[in-house]
Amino acid sequence: MANIGLRGIEKYFGANYVIRQLNLEIADGEFVVLLGPSGCGKTTTLRAIAGLEEIDSGLITIDERPVQDLPPGERDIAFVFQLFALYPHLTAFENIAFPLRATGETRAEIERKVKDVAASLRIEPLLAKRPSALSGGDLQRVAIGRALVRRPKALLMDEPIGALDAKLREDMRAELKRLHIENGTTSVYVTHDQVEAMSLADRVAVMNDGVLQQVGTPSEVYLHPVNLFVAQFVGSPVMNIVPAEIRPDGAETAVAIGGGPAFAFPGELAARLGAALPAGHELVVGVRPEAVRVAREAAPGLRPVEAHFIEPLGAYDIVDLKVGERLIKARTPSGFVRRPGEAVWARLDVPQVHFFDATSGDVLKLEPAHG
Amino acid sequence: MAMVASPGKRIRNRLAIAAVLVVTLIFLAPIYWIGSTAFKPRDQATSVPPTVFFTPETTAFVKLFTKRVQLRQPVEPETYAAAPWWEQRIFDGGERVLRVKGEVQLSAYPSRFMNSLIVAITSTVLAVGMGTLTAYGFSRFRVPAENDWLFFILSTRMLPPVVVAIPMFLMYRAIGLTDSHLGLIILYTAFNLSFSVWLMKGFMDEIPKEYEEAALVDGYTRMQAFWKIVLPEAVTGIAATAVFCFIIAWNEYAFALIMTNRRAQTAPPFIPAQVGSGLTDWTTIAAGTFLFLLPVAIFTFALRHHLLRGVTFGAIRK
Ligand SMILES: Nc1ncnc2c1ncn2[C@@H]1O[C@H](COP(=O)(O)OP(=O)(O)OP(=O)(O)O)[C@@H](O)[C@H]1O
Ligand SMILES: [Mg+2]
């Protein structure tokens, strides 16, 4: 086991600038998920760590040792590919034993290690079968077995369960989590599925267009996104992003959305926003559906809105509220709003409202205004 | 599923089977003709209408393999009785086997047949081997101007052999490669290589590069990964390519006719050369032709499982 360091990684494919000045430190035993949309460079980053892709500049360390110039075989890592990459002409046993054969271990040793790993993955009955006779989930277990059998310093996984159906993905997620807890192998896991990222990761590293956007625990990334990209990429349904008009209103700050009713915020907000937002930049408000509180009765602080569309999702509903000229998604208990067109009341949960500089996309850090 | 087919479907099925039978018969007819002629007595070989029922005999094959001379007078009964069965067949035809110092003199056929085997097998092994490696390179590495190279390789096949045969012959004569095994092997290898590269490139592209990358990560070298992973995965393609290359090399006529005349002559130019020298013995020619058909048939039959997968590769894989 080992820590992994990525310092100033840059990668071009021809003129395509795929990884841009990427810095990331992964601690020993940590499970880090690289999360981002398709084509953002996740796979390339992972392959660079494995040595399957050469980088143009930067430093990659495993266990504090620079490895960027070593061939993959000398980095002591294991890689799980999205399509499993199990050899069709070998049995499950031989597939798992394959990495051990490279190091010339004795037959008895190989037998013992394969059996051990198979036991922990609960695939002993499948060892004699060929990949063509295995189901998707079992293929994945065998692939993971092949990766773990050598006890590598780090385990790299590229969308390892992306090809499975939804139910199986959920099972495998739990299983991966269990394996990580049991083995504690430093892991880097690539996915574009934020649910997967949130449920597996110790820390999530969100990427876009080759740029690392934010690294943090799942809740940090979810609760305190550093920019509009992270705010909208993480979380489902997506965070509401709406232009807003801010003005001081007596002891309070009025935040008017879509030219409609103004929501009341603490009085010092206006000054802080004024200090944080560069002159001439637009401001947008970001609020997750669960931070939009809906009530059927009027009460102080609530503003009248109209339910526009109701999307029942079983455990809860997502209701599109018409706020002024804008639609904002709110999350309500199921059946709370009974029909579209109903007039209801809403407020925004102040601590969960984010303000972004629409021009740069960055979140506005609201330092207490001085002086 | 046990389903009762509708009458329309049944009729269509029957028609399809009948069509397959007819086509098969049409294709097998010439092969049957050659095969049966090889086993017919000589006087029935060219009878019109063709004899259908006859007592098969092996005389034609004995003649095919031996040098013979006309008997001036009938053999002594005791010589006949002492002779082995195959020699008796020759005596029956009014000939005797030519012997030099007691050694039976073989005809040219076995050596021509051997030439064909040597040239076809060696050039197939070379073309498929080099083609596999080249295709692997094109498939896995970034080759500058890859498509231009591939087109160039294909273009070497664009001129019909007869067009290049004469200039090739002149070049071969200048460097002393005419009528040599090496000359034909080089020619057939070059000829088949483009085909082999293109075919193998398709098969290599079908093998996920993750297979080797997984092996590389596990500590194998690229060469080891190639031997342990790529080759076993490519057997199907290699078998299919080998069959095609072998058929082309085995049947090649134009180059063999021009480039060879004796020592390295292969069967295709040799067999027809027997026709028309005096009274043509069609049974012997049929026997030679019949044997000539066997290697390709055996080779193809031996690799049939790979072939069925190979020619439909990609369509039915998984
Ligand atoms: N071998 C390659 N040659 C040229 N360009 C490549 C190569 N591999 C990837 N790219 C490009 O690099 C960019 C990043 O690709 P990468 O595969 O890392 O994305 P990703 O985040 O893994 O996406 P996905 O979620 O679709 O797997 C893409 O624009 C892709 O087209
Ligand atoms: Mg990817």
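The values are calculated or read from the model by the stated rules, or taken from the named source; none is laboratory data. Quick caveat, the model's predicted, so the values are computed rather than measured. For neighbour counting, all protein chains shown are included, and Cβ atoms are generated from backbone atoms with ideal geometry for every residue, glycine included. These area figures cover heavy atoms from the full protein model, side chains too; ligands, DNA and RNA do not enter into them. Shrake-Rupley method; radii C 1.70, N 1.55, O 1.52, S 1.80 Å.
Calculation over all alpha carbon pairs of the protein assembly as shown in 20 angstrom steps from 0 returns a P(r) of 13, 29, 26, 18, 9, 4, 1, 0 percent.
Taking N as the number of residues in chain A, what value does Rg over Cα atoms divided by 2.2 N^0.38 Å take?
1.20
Mean projected area of the Cα convex hull of chain B, taken over all directions, amounts to 27.2 nm².
Mean per-residue shielding of peptide A:142-154 is 1, counting Cβ atoms of other chains within 10 Å of each Cβ. Helix-only arithmetic for chain A: the sum of -39500 (n - 2.57) across DSSP H runs with n ≥ 4, divided by the residue total, places the mean residue ellipticity at 222 nm at -7500 deg cm²/dmol.
Helix B:282-302 and the longest principal axis of the Cα set of chain B meet at an angle near 30°. Considering segment B:1-143 at the alpha-carbon level, its Rg and Dmax are found to be 26.1, 78 Å. Against chain A, whose longest principal axis is taken from its Cα atoms, helix A:107-121 shows a tilt of about 20°. Under the criterion of Cα pairs below 8 Å and six or more residues apart, the relative contact order for chain B equals 25 percent. Extending 7 Å from the Cα toward the beta-carbon at both A:Asp209 and A:Phe309 defines two label points whose distance is 2.8 nm.
Evaluate E = 1/(1 + (r/R0)^6) for B:Asp43 and B:Ala297, where r is the Cβ-Cβ distance and R0 equals 22 Å; express this FRET efficiency to the nearest 0.05.
Between B:Asp43 and B:Ala297 the formula returns 0.15.
Placing +1 on the Cβ of every Lys and Arg and -1 on the Cβ of every Asp and Glu, with no other charges, gives segment B:166-213 a dipole of roughly 420 debye about its Cα centre. Ordered from highest to lowest accessible area with the whole protein assembly present and a 1.4 Å probe, A:Tyr17, B:Tyr109 read as A:Tyr17, B:Tyr109. For segment B:42-122, trypsin sites (Lys or Arg not before Pro) meeting the loop criterion (DSSP other than H, G, I, E, B) and having at most 10 other Cβ atoms within 10 Å: B:Arg72, B:Lys101.
Between B:Ile11 and B:Tyr32, the C-beta separation translates, for a Förster distance of 30 Å, into a calculated FRET efficiency of about 0.50. The residue list A:Ile161, A:Phe98, A:Ser199 was ranked by how far each Cα lies along the charge dipole of segment A:4-226 toward its positive end, using unit charges on Cβ atoms, and A:Phe98 comes out on top.
Relative to the longest principal axis of the Cα atoms of chain B, helix B:181-206 runs at roughly 40 degrees. Using a cut-off of under 19 Å, list every residue of segment A:277-304 whose amide N is near the label point 7 Å from the Cα of A:Leu327 along the Cα-to-beta-carbon line. Under 19 Å, as judged by backbone N against the label point of A:Leu327, lie A:285-294 of segment A:277-304. Grab the other residues whose beta carbon is less than 15 angstrom from that of A:Arg331, score K and R as +1, D and E as -1, and report the net. In short, -1. Protection proxy ranking for A:165-172, B:197-204, using the average of other Cβ atoms within 10 Å per residue and placing the highest first: B:197-204, A:165-172. With a 10 Å cut-off around each Cβ of B:217-227, the average count of Cβ atoms from other chains is 6.
Would you mind giving the mean number of other chain beta-carbons within 10 Å of the Cβ of each residue in A:79-88, as a whole number?
Partner-chain Cβ atoms within 10 Å, mean over residues of A:79-88: 5.
Ordering A:Leu283, A:Pro125, B:Ile185 by Cα displacement along the dipole of the protein assembly as shown toward the positive end leaves B:Ile185 in first place; charges were set at the Cβ atoms of Lys, Arg (+1) and Asp, Glu (-1).
Beyond a 20 Å Cα-Cα separation, which of these cross-linked pairs lie in this structure: A:Lys115/A:Lys167; B:Lys40/B:Lys63; A:Lys42/A:Lys329; A:Lys153/B:Lys228; A:Lys11/B:Lys201; A:Lys42/B:Lys209? Result: A:Lys115/A:Lys167; A:Lys42/A:Lys329; A:Lys153/B:Lys228; A:Lys11/B:Lys201 exceed 20 Å. Summed over both chains, the accessible area lost when A and B associate is about 1600 Å², using a 1.4 Å probe.
With a cap of 12 neighbouring Cβ atoms within 10 Å, and only residues DSSP puts in a loop, list the GluC sites (Glu not before Pro) found in segment A:47-82.
The qualifying sites are A:Glu54, A:Glu64.
Site pair B:Trp227 and B:Leu21 shows an inter-label distance of 5.4 nm when each label is modelled 7 Å from Cα along Cα→Cβ.
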